[in-house]
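Visitor: Starting off with a structure, shown below.
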Amino acid sequence: MKPRTINIISVKWIPFLCFFCFALGILFTNRTLTPPDFNGQLMPRHQGGREFQMVPDDCATSKFPQNKEVMNEVLKTHGAIQSLDKAIAMLQMELAASRSSRELTGFEGVGSNSTILTPTKPKVFMVIGINTAFSSRKRRDSVRETWMPQGEKLIQLEREKGIIIRFMIGHSPTSNSILDKAIDSEDSQHKDFLRLEHIEGYHELSAKTKTFFSTAVAKWDADFYVKVDDDVHVNLGVLAATLARHRSKPRIYIGCMKSGPVLARKDVKYHEPEYWKFGEEGNHYFRHATGQIYAISKDLATYISINQPILHKFANEDVSLGSWFLGLEVEHIDDRNMCCGTPPDCEWKAQAGALCVASFDWSCSGICKSVEKIKSVHEKCGEGDGFVWSALF
């Protein structure tokens, strides 16, 4: 059997064969990867080391929006979404407040097809609740004689300026007692009380505060709700102008913010029985407004009204209020004009044209001996009788 013969290509033909294959490959590539013809024009993919996109003639003159314009549209859309969220939250809050209001007044709808006639709440700018006690008749009279309008002026203030001012007080532990009758008699004379479904007591101030806001929200539709003690001097026009600057904000908590120590000792005035909740001994409270005077916006007052049964009460009323807003999207505003000292402090500021919102003595948590002293404070630090009527808010 003969072995097969193998024909070997001469080495000198290899370069020619390689060149032939290379040329064939270029020809094949050009035929298969030629770009499409747009109206008879070919745009090269590479020119001068730069890469171009193939664009038809009718798109060559198209203008694309600038990045700045796109970002502006995005920001506008984001703002619109935030506004819508706030509007929905407001509607939900008002619905819950309406239900809470009907519960406070004991109203219940009858039947699914019945027509519910809910009286419209008066729309006002602010409601001021002056915290007072049964034994504080002289303090109330001193307030009436200084910064709080009386009689027809009080009604005019409500009608023209939307400012409601009431002494807030609950009831005595004994039904229809002599204390309650005395308040009823005083109210028939001055018509400036807001009676609360609350049993009076110094250690019940947190509960009284909750009840005040709930009652005020049910009675008036206000932009702001203010709590002030009956031994504090207030300039109504300055207070109104101060709050008006924050009118567009939804959740405002304004006052003189502080963070005092948590007092664990039982023999001190502001002892905190639940001191252990604030961590190690010597810790401080979270930021909250001092209790002599503070203001909250409508949303926050409504929140308190809705959640009143489950809001925890600490020993100190101002601490309790601050705790209710923890975890909420609330803007805390520290305004030191709401806690000026008595003369010469507030007097110097008045002479400099910087009238105070409120004045009191820190050492007494109010004006010391306010019945005798508040008239002097009013003369030296007051805004003048016509200021609130001319103030724009």
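Visitor: It is to be established whether one or more residues within the range 204-222 are crowded, with 20+ Cβ neighbours inside 10 Å and assigned to a strand (DSSP E or B).
Guide: Among the residues of the range 204-222, at least one is crowded, with 20+ Cβ neighbours inside 10 Å and assigned to a strand (DSSP E or B), which makes the answer yes.
Visitor: Also: Going by the conditions given, is Lys375 open to solvent by 70 Å² or more (accessible area, probe 1.4 Å) and on the phi < 0 side of the Ramachandran plot?
Guide: Details: open to solvent by 70 Å² or more (accessible area, probe 1.4 Å): yes; on the phi < 0 side of the Ramachandran plot: yes.
Criteria met by Lys375.
Visitor: Residues to consider are Ala354, Ala350, Ala295; find the one that is within 14 Å of the chain's Cα centre (by Cα) and small (Gly, Ala, Ser). First the steps, then the outcome.
Guide: On the way: Ala354 fails: within 14 Å of the chain's Cα centre (by Cα); Ala350 fails: within 14 Å of the chain's Cα centre (by Cα).
After ruling out the rest, the residue left standing is Ala295.
Visitor: Sticking with this structure for a sec: State yes or no: is Trp324 surrounded by 14 or more Cβ atoms within 10 Å (Cβ to Cβ) and free of Cβ contacts under 8 Å to residues at least 12 places away in the same chain?
Guide: For Trp324, the condition - surrounded by 14 or more Cβ atoms within 10 Å (Cβ to Cβ) and free of Cβ contacts under 8 Å to residues at least 12 places away in the same chain - is not met.
Visitor: Can you confirm whether Leu300 is within 27 Å of Ala207 (Cβ to Cβ), touching a residue at least 40 places away in the same chain (Cβ under 8 Å) and in contact with a Lys or Arg (Cβ under 6 Å, 6 or more places away or on another chain)? Break it down stepwise before answering.
Guide: On the way: within 27 Å of Ala207 (Cβ to Cβ): yes; touching a residue at least 40 places away in the same chain (Cβ under 8 Å): yes; in contact with a Lys or Arg (Cβ under 6 Å, 6 or more places away or on another chain): yes.
In short, yes.
Visitor: Same structure, new question: Quick check, is Lys277 free of Cβ contacts under 8 Å to residues at least 60 places away in the same chain and under 19 Å from Ser142 (Cβ atoms)?
Guide: On the way: free of Cβ contacts under 8 Å to residues at least 60 places away in the same chain: yes; under 19 Å from Ser142 (Cβ atoms): no.
For Lys277, the condition - free of Cβ contacts under 8 Å to residues at least 60 places away in the same chain and under 19 Å from Ser142 (Cβ atoms) - is not met.
Visitor: Mind checking which residues of the range 134-149 are surrounded by 13 or more Cβ atoms within 10 Å (Cβ to Cβ) and either modelled with pLDDT under 95 or in a helix (DSSP H, G or I) (or both)?
Guide: Arg137, Arg139, Arg140, Asp141, Ser142, Val143, Arg144
The values are calculated or read from the model by the stated rules, or taken from the named source; none is laboratory data. Remember, predicted model here, so these are calculated numbers, not experimental data. Positions of Cβ are generated from backbone atoms using ideal geometry, with glycine treated the same way; all protein chains shown enter the neighbour counts. When the accessible area is computed, the model is the full protein with side chains, heavy atoms only, and any ligands, DNA or RNA have been set aside. Shrake-Rupley method; radii C 1.70, N 1.55, O 1.52, S 1.80 Å.
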